[in-house]
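Trainee: First the structure, then my questions, so here it is.
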Amino acid sequence: MRLDHQFTVPAKVDEAWQVLLDVPRVAPCMPGATLTDFDGEHFTGTVKVKVGPIVLTYTGKGRFVERDEAAHRVVVEASGRDTRAAGTAAATVTAVLVPDGDATRVEVTTDLTVTGKPAQFGRGMLADVGGRLLGRFADCLAQELSTPAVPAADVELAPPPRSRSPSTSCACRPPPRWPATPASCSCPPPPQA
């Protein structure tokens with residue numbers, strides 16, 4: 001199914017382009033996402049999302065398919081498997097950045113395929129959930145664009161989940177510069193080295 005969304009960020013297109021391609025910097029802005037590895041081209045991680053009455057956690061991978069700086073167009077492919085059930089999700093996401101005065105409009109087209117429980121909810125609910133997630137992402141990204149970047153060496157990637165138990169993996173432990181809401185996180189303390 002095809003989902004179309006757009007949002008605006010308070011930065012000129014060239015600055016927005018650089019930030020959107022900085023995966024470790026923007027990954028914490030995606031609600032429920034945890035980045036576990038990024039090599040500049042490929043990434044792995046988990047995404048936890050609520051669709052209707054069910055909460056799904058996908059473990060997956062993705063890659064940049066295209067990065068056209070002149071056209072400010074990026075294409076990313078990602079896929080994952082639900083950690084608790086037999087469901088899968090795969091998406092090809094195309095984002096085009098368009099100058100809009102001192103801001104940038106980001107037009108996002110997602111070709112999404114889901115199997116398992118979320119497939120029963122249909123396009124309407126999936127589009128609504130996608131729109132809300134993208135809205136929260138855009139709000140966080142706008143905040144991120146108003147703060148200086150943290151050098152990549154100072155950003156820690158989350159460790160890969162060790163089991164399906166929520167006590168061993170915590171998607172709400174963000175990088176130090178991103179404020180977490182204590183009431184929404186019940187994470188165990190980080191392991192001692």
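The values are calculated or read from the model by the stated rules, or taken from the named source; none is laboratory data. All values derive from a computational prediction rather than experimental measurement. Because the Cβ atoms are built from the backbone with ideal geometry, glycine has one as well, and the counts that use them run over all protein chains shown.
Trainee: Ala71 - would you say it is among the aliphatic types (A, V, I, L, M) and within 15 Å of the chain's Cα centre (by Cα)?
Mentor: The answer is no for Ala71.
Trainee: Which of the following residues is within 20 Å of the chain's Cα centre (by Cα), at pLDDT below 80 and β-branched (Val, Ile, Thr): Val150, Val93?
Mentor: Among Val150, Val93, only Val150 is within 20 Å of the chain's Cα centre (by Cα), at pLDDT below 80 and β-branched (Val, Ile, Thr).
Trainee: Another question, if that's okay. When you check Val65 against the structure, is it in a strand (DSSP E or B), without any contact (Cβ under 8 Å) to a residue 24 or more places away in the chain and not charged (D, E, K, R), yes or no? So that I can check it myself, show each step before the final result.
Mentor: Working: in a strand (DSSP E or B): yes; without any contact (Cβ under 8 Å) to a residue 24 or more places away in the chain: no; not charged (D, E, K, R): yes.
So Val65 fails the test.
Trainee: Moving on. Quick one: what pairs do we get from the stretch 29-43, first residue free of Cβ contacts under 8 Å to residues at least 60 places away in the same chain and of a type outside the set (Phe, Trp, Tyr), second crowded, with 17+ Cβ neighbours inside 10 Å and not in a loop (DSSP other than H, G, I, E, B), C-beta under 8 Å, 6+ apart or different chains?
Mentor: As it stands, the answer is His42/Gly62, since those pairs meet every condition given.
Trainee: Next question, about the same structure. Can you tell me which of Val74, Val129, Val106 is closer than 15 Å to Lys48 by Cα, touching a helix residue (DSSP H, G or I) at 6+ places or on another chain (Cβ under 9 Å) and surrounded by 16 or more Cβ atoms within 10 Å (Cβ to Cβ)?
Mentor: Val129
Trainee: Provide a single number: the residues in the stretch 72-126 that are among the charged types (D, E, K, R) and free of Cβ contacts under 8 Å to residues at least 24 places away in the same chain.
Mentor: Summing the residues that are among the charged types (D, E, K, R) and free of Cβ contacts under 8 Å to residues at least 24 places away in the same chain in the stretch 72-126 gives 2.
Trainee: Given the criteria under 18 Å from the mean Cα position of the chain (by Cα) and outside any strand (DSSP E or B), does Ala78 qualify?
Mentor: no
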